[in-house]
Amino acid sequence: MKHHIKDAALAPKGKARIEWAGTQMPVLRSIAKRFAKEKPLKGLRLSACLHVTCETANLMLTLKAGGAQTLLVASNPLSTQDDISASLVKDYGIPVMAIRGEDRKTYYSHIYAALDHRPHITMDDGADIVSAIHKEPKKYLRDIVAGTEETTTGVIRLRSLEAQGKLLYPIVAVNDADTKHFFDNRYGTGQSTMDGILRATNYLVAGSTVVVCGYGWCGRGVAARARGLGAKVIVTEVSPLRALEAVMDGHQVMPVAQAARVGDIFVTVTGNIGVIRVEHFRAMKDGAVVCNSGHFDVELDLAGLRKLSPKPRIVRENVEEYRIGSKRVFVIAEGRLVNLGAAEGHPAMVMDMSFANQALSSEWVARHHDSLERKVYRVPEDIDAEIARIKLESMGVRVDRLTADQRHYLKAWEAGT
Ligand code: ADE
C-alpha cells in the first residue's frame, strides 16, 4: 500500500485518538453505518487533501465503509498529526502521504501522488488538488467526475475558476452548508484558535487586548471566545457591514495601523494576503504575540518581518521571537493555521457536522454526477436539514412542530392588524 508517514510506531496512540474522536461524531457514525450496508461509493477512487487529524480519520473510515478507495494527503504542511497517519495506514489500511513539517517540495509530491491515484472524486480543503488539476488538465483530469471543497478560501478559488469559465468539473461547496460554516467556522475556529494561542504561549487572556483581523464567520468566533476569556477585543475590517456588526457586538473597530500600537495578541482570519505588514510589526508593543488562523500562510508578511529581523529564535514549541530594535514580537506556528499548527484543530463535536456534509456530498455527487454541470454547487438543502436533525437528536434536544393553524397562517396573506 502506498504511504509516506513519519513513524508507524505512533499507530497505537493514533488509534486511541481516532476512537476518542469517533465517540463525539454521532452524525458521521450513523452515516458510516448506512454506508457499510448500502456501499454508495463502491468502485470509486477518492483522493482527499485534508488536515490529517483524528476527525479526518473518522471521515476516511466512513468513506471506506461506503466502498470508496481513498487516499489521503495533507492540506497544510504543518497540520498533520503523525500518530493519525500512522494508525490510518497500519490499523485501517488507508493509504496516507503526509508528514508534519514537510517542506513545500514534499507537500506537492504528495498532492501529485493523490492525482496519480486517478481519483473519480476529489475532496479538497483549500483547493490545492483542484488547482494542480487545472494547471495540467490533460494529465490529471482523466477519470474525475466531481469534487467537494471544505473551506471558505477553497470556495473563493473555485468561484474564481467558475467566473472565468475555467472550472472543469462540478464541485460541491461543503463550506457553504449552514451546518458547516455557522458551526465549524464560528465555534470551531473560535475555540481552536484560542486553544492554539494558549498552548503555544500560556498567556493570560483576561485583561489583554486581542486584535482580530477579519469579522467573517471565523473572526466572529475568535472575537467571541477571546472576549469570553476576558479580553478586550479590537476588530479590524474592510467591509463596512461587518465592521458595523462588530461594533454592535460590542467590540472596538479600528484600522490595523491603529490597533497595532495597542494589541497584545493579534489573530488574522481574513483569507487575504498582507494583512499585518512591516509597518504594523514595527508599531507593536514589546512582547506582542502574532498568529494567523486563515487557511494560507499569507496573511502575515513574514518575509518582510525577516528582513527587519533576520535571525528569529525559537523560544518555545511553535513560538519564534523576532527582535525589532529593543522590542520582541512573537510569531506562532510560522504564520500557518494556529489552531492546527499549535493545537489539534476544531473539536470532533463540530467536525462531526462538517464531515457529515463531506460524506453525504460525496454520495450525492456519486449518484448525480451525470446530470451535473461544471459549476460550484451548494450542498442540497435536505442534506443540510438532515444533518441538523440528527445532530440535535444526538444531543437529546427536541424542537416543536408547526400546528396546522400555524402552517396555514404562514401561507396566508389576509390576516393582519
Ligand atoms: N479543520 C479545522 N479543524 C479540523 C480538524 N480537527 N480536522 C480536520 N480539519 C480541520
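The values are calculated or read from the model by the stated rules, or taken from the named source; none is laboratory data. Given the structure is predicted, the values throughout are model-derived calculations rather than measurements. Positions of Cβ are backbone-derived with ideal geometry, glycine not excepted, and every protein chain shown enters the neighbour counts. Only protein heavy atoms, including side chains, enter the accessible area calculation; ligands, DNA and RNA are left aside. Shrake-Rupley method; radii C 1.70, N 1.55, O 1.52, S 1.80 Å.
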Residues A415 and K2, FRET efficiency given R0 of 51 Å [Cβ-Cβ distance, rounded to 0.05]: 0.20
Length gained when the stretch V397-M254 is fully extended (0.36 nm per residue, less Cα-Cα span): 47.5 nm
Helical contribution to [θ] at 222 nm, DSSP H n ≥ 4, -39,500 (n - 2.57), averaged over the chain, rounded to 500: -13000 deg cm²/dmol
Label-to-label distance, nm, for residues given as S326 and L241 (7 Å Cα→Cβ offset): 4.8 nm
Volume in Å³ per residue [convex hull over Cα atoms, computed for segment 358-417]: 176 Å³
Debye intensity ratio in log₁₀ form over the Cα atoms of the chain, taken at each q of 0.08, 0.10, 0.12, 0.14 Å⁻¹: -0.45, -0.70, -0.99, -1.27
Part-to-part distance (alpha-carbon centres) for segment 81-109 and segment 392-417, which is given in Å: 48 Å
Long-range amide H partners of R45 with built H, under 5 Å: Q69, H120, I121
Cα-based Rg of segment 73-165 normalised by 2.2 N^0.38 Å, two decimals: 1.12
Segment 201-282, accessible area per residue, ligands and nucleic acids excluded (1.4 Å, Å²): 46 Å²
Cα centre as origin, Lys/Arg/Asp/Glu Cβ charges: the chain dipole, Debye: 740 debye
Eligible aspartates and glutamates near K2 by straight Cα distance, threshold 14 Å, same-chain separation 8 or greater: D116
Per-residue ³J(HN,Hα) for segment 337-346, Karplus 6.51 cos²θ - 1.76 cosθ + 1.60, θ = phi - 60°, Hz, x for Gly and Pro: 2, 5, 6, 9, x, 10, 9, 9, x, 5
Segment 308-417, Cα convex hull volume normalised per residue, Å³: 319 Å³
Shape call, segment 250-392: gyration tensor on alpha carbons, a/c limit 1.5: prolate
Formal net charge of residues neighbouring L63 (Cβ-Cβ distance under 12 Å; K, R +1; D, E -1): +3
Calculated on alpha-carbon atoms, Rg and Dmax of segment 1-123 in Å: 13.5, 40
Violating pairs (Cα-Cα greater than 30 angstrom) within the set K138/K307; K180/K375; K232/K327; K139/K311; K15/K311; K232/K391: K138/K307; K139/K311; K15/K311; K232/K391
Space enclosed by the convex hull of the alpha-carbon atoms of segment 1-68, per residue, Å³: 101 Å³
Column: log10 I(q)/I(0), Debye, Cα scatterers of segment 301-348, q = 0.20, 0.23 Å⁻¹: -0.66, -0.80
Debye, to nearest 20: dipole size of segment 155-226, +1 on Lys, Arg Cβ, -1 on Asp, Glu Cβ: 120 debye
